[in-house]
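Since the structure comes first, as structure tokens, the remarks are kept for the end.
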Amino acid sequence: MKTVAIFICSAALLGISLAFSQTATLKNVQTDSVRTATNNISDFFSLQFAKRVAPPNSISKIPGHYSAADWRRAIDSVWGPGLPTSQKLQIFDKVWNVIDTGFACFHDLNINWDSLGSVYRAEITNGVSRGRFAAIMTHLSLALKESHTRVSDNSVYLSTALNPGVPLFVIGGWGENFHFGAGLTPLPDSSLLVYAAKPQHPLGLVPGDIVLGYDRIPWKQLYKELLAAQLPLSAYSWWGCSESSFIHSMLMSAGLNWHLFDTIDIVKYASGDTVHLSTGYLQGISGSFFCTEQLDVPGIPKPAYDGQHVVSYGIILGTNIGYIYGSAWSGNAQQEFFDAVQALMYTDGLIIDFRINFGGNMFLSNPGLNLLFASPTTTIGFGKRSNPLIREAMVPYVDPSAYVIPGNPQGYTKPIAVLTGPGAVSSGDQVALRMKFHPHVKIFGKSTATAFNAPITISLGNPDWFFRYARSDAYLASNPGVYLTHREFQVDYPVWHTPSAVAQGRDNVVDAARAWIDSSLGIKPVQAFLLQQNYPNPFNSQTGIRYELFNQTGVRLEIYNILGQLVRTLVDEKQPAGHYAVPWNGRDQYGHSLASGVYFYRLRSTEYVETKKLMLLR
């Protein structure tokens, strides 16, 4: 693998509210929540394109890797002194006390809220800049790891142009990515796969390339440094609540933070070369680039992503499998989702793609869900704090009867694959969860964001400041008392994008869902398995070989040298359908280290064989 060095001398947090009930006794609560949800969805789609302006004391990036002290000086210098200390303390005290007495998601959260409050309040009392105060407040909310809960100075968080050296840490990557012009998604080793890129991208990025990090430091290390340095947070979308979705949202934000570094490190898919390019190439990049972690599916139009037309559907070319994209529960979602389901009731299988879903009002899904379910189905309920002095004390708030799916005797009796990922948030979480109650549903992809709660917006008495927090949380009707925010959303088939697939324009999650539907219908797949390119490749000490079996079969995974001689058998057994990851340490059958060079790995089943090339570099 060659190393080439080349040098040259959102917009808005998506806050999604959930409607609580359709019953008369909850009319006021529901009305407020739906109104908030509708406004937030509209805000998201409009503020994605909000004009950002240079900060008052705009700076240029000084070459070199910044320390925490460097970042602190930059934070203090860019936005000036800000509000008087007394007003900063008023904002801090109100936020801390409201969360302390009303936040509904302290369960499964490992923080010392009292200590955090004491440390931050003492610092504010001693005097802090506007930038530092903005950082304190965003990191106070970040500590709660809840997608809705956010407090921010909008003039810092929303309106500041991301010029080189401006100390804003951007989180997310779902939606508008005009600042980078490419969509990134995490790989198992925490590097970032380019799954979509603008034509003629300034860095030459194409699907299949991999972003490692900046300034020859892996992003998985850098984002932790930035969090530790406590830069103010500027979220183009949201952070996840479960551990996996939280890390996913931090990793995928790599591209949107190029303004903090001098060079970006990229592995080119076509050659395997690692190149180090100046981030200066990205200055002046412009034009909308909307990213969803979804590759195009033949025959299926995507939604408009405009906050109004948020559902689209069709039949996958060459099949009788229906496909529905649901990107939000707002605007015309109720009618659009119902129309989509109704039009596809005759199909042999359904794929419902929620991998990006901005949430809104979950009840807009009910008419469509009623077509799919054959009988009344109880799903979830909501709880809230029962004691302002005991943070984890909860009491049922909205009875599960409000969330029963009435169903239709006809129902949908064919297999349904629901695709999820951390880009499904709030009502996007909730509708995906309610789909799990269907007897013919399997879930493919990754955990949703797990923001299974309903927020409320609080005025802080200052137009620059925004504050929202989660005041109720959902639980399964079958397991009351166990609240869902911060818990992983379990999927049946964990599968995600790979470099080889996206380079070919294939979506692994969709492929796996289609294979499962075919298998459920007794349709023999064209091939018995999907063999992925090993990763990393080239490799030194260890690589991983991943494959998916579409049905139970005998499997043999072997390594051959360039002369066609068998050097190692990694698998030789009968395996059930599913996803597998097999490591290889570059040694032969006897434990001897093999020499550098090209090798081949071959996967065979009873009726199918596939071979791919890999490279070992000592």
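Rule-based calculations on the coordinates, nothing more; no lab input. From a predicted model like this one, the values you see are computed outputs, not experimental measurements. Virtual Cβ from ideal backbone geometry, glycine too; neighbours counted across all protein chains shown.
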*Sequence-separation-based contact order of the stretch 443-571, relative, with Cα cut under 8 Å and 6+ spacing, percent*: 17 percent
_Geometric extent, Cα atoms of the stretch 109-197 - Rg, Dmax (angstrom)_ = 16.2, 47
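Roughly speaking, what is the stretch gain from N57 to N387, that is 0.36 nm per residue apart minus the C-alpha to C-alpha distance, in nm to one decimal? Show your work: numbers first, answer last.
Numbers: separation 330, 0.36 × 330 = 118.80 nm, distance 4.57 nm.
Between N57 and N387, full extension yields 114.2 nm more.
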*Binning every alpha carbon pair distance of the stretch 527-616 at 10 Å from zero, what are the percents per bin?*
17, 54, 26, 3
*How much length is gained on full extension from R121 to Q410, taking 0.36 nm per residue of separation minus their Cα-Cα distance?*
98.1 nm
*R506 versus D339, label points 7 Å from Cα toward the beta carbon: distance in nm?*
3.4 nm
